[in-house]
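Beneath this line is the structure, given in structure tokens, with notes to follow.
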Amino acid sequence: MTNPTLRRPRGFTLIEVLVVIAIVSLLISLLLPAIQAAREAARRTQCCNNVKQLVLALHNYVDVNLMLPPGHLETGIEGGNPTAHHQIGWLTYLLPFVEQENLYRQIPFDSINLAVNATTNAAFLPIAAVDVPLFVCPSDPISRPASATAPGNYFGNQGINCLCQFNTCSGVFGHSTFTKLAWITDGTSTTIAISETLKGDNNVATLRDNYISTSSTAANAQDVTTCQSLPANASDRALSWFGGQPQYNMFSTNRPPDDPLFDCRAPSYGCTNFAARSAHGGAVNAGMCDGSVHFIADIIDLATYQALGTRDSGEMVTDF
């Protein structure tokens, strides 16, 4: 005779299983944003550290060379083909000061070719193709695009104008500029040296941080609104830390960070009008000429931001 007190254990009903699944899903949905926020905070901190290391490397460069490196070294002949002028960029000159001296020693500097720029010079490509983690912001969602050269998320400040082909940049970097710290009379703590940009994905069809590149000699990137009626037809932003055209190494402070207008590159003065940009959301990391790093909000007063971009215009900036 079966003992009536011995019964088989009862399993979960379908309704109970669904309730448990719903509770677990709710917990995950609540925790996931916090996890993502924590990860982005860590990435932003790493980006801030990258900027810090780069501005300290700039100071070490100055200790040895008595001046800042050029945005990129203008090696072409005045009046010649401007696309062949642009060669070694400022990040390349910092290699010995960011524990990359072995890479720097491999650069064939005697192979500068005035017929092509640095990114299409076969002699430079083995070096330009090397990924340098310090030069890349971990928050940028675009991995290395299909490109012969390795990207870099950090640009030099050319100031509020883009007449840099003639060494008249109001910032600290330009075409063949060699700025001394003594020339930064507005104060090194209130003058931006470098900031962030977003990598292009090398695919104009995606409209992912594309910019407008015009061959019209009437176009002037100094006034970025002149480009806005044209299609966004280029997406090679920041695809070469090594050097080459200004879309690989310089940004402008005449517009606020993450400006909604398309950036512009025009042949007049060989200039670009690129805003600082980041994937951090609402702000960019900026390294000042004194070695400090600030997280500058997109909503910063434009006049204040423009003052931070000039080296010797006499503006007084007390808070930003």
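Only the coordinates and a few stated rules stand behind these numbers; no lab work does. Quantities reported herein were computed from a predicted structural model and do not represent experimental measurements. For neighbour counting, all protein chains shown are included, and Cβ atoms are generated from backbone atoms with ideal geometry for every residue, glycine included.
Tabulated data
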quantity	calculated
Between helix 14-65 and the chain: long-axis angle, C-alpha atoms, 0 to 90°, nearest 10	20
Cβ-placed point charges (K, R +1; D, E -1), dipole of the chain about Cα centre in debye, nearest 20	1320
Residues Ser235, Ser176, Ser292 arranged by fewest to most Cβ contacts within 10 Å	Ser292, Ser176, Ser235
Phi-based couplings in Hz for region 256-262 (Karplus 6.51, -1.76, 1.60; Gly and Pro marked x)	x, x, 6, 4, x, 5, 5
For Val24, Val317, order by how many other beta-carbon atoms lie within 10 Å, fewest first	Val24, Val317
5 angstrom amide H check on Val317, placed H, neighbours 5+ away	none
Karplus-derived 3J(HN,Hα), 6.51/-1.76/1.60, for each residue of region 303-308, Hz, glycine and proline x	4, 5, 5, 4, 5, 5
Fewest-first ranking of Asp301, Asp209, using other Cβ atoms within 10 Å as the exposure measure	Asp301, Asp209
Sites Lys180 and Ala303, calculated FRET efficiency, Cβ-Cβ separation with R0 35 Å, nearest 0.05	0.85
DSSP loop GluC sites (Glu not before Pro) with at most 16 other Cβ within 10 Å excluded, longest remaining stretch of the chain	100-314
Residues listed by number, region 227-267, amide nitrogen under 19 Å from Ala148 label point at 7 Å toward C-beta	235-249
5 angstrom amide H check on Met250, placed H, neighbours 5+ away	Gly156
Amide H contacts under 5 Å for Ile160, placed H, 5+ residues apart	Ser170, Gly171, Thr253
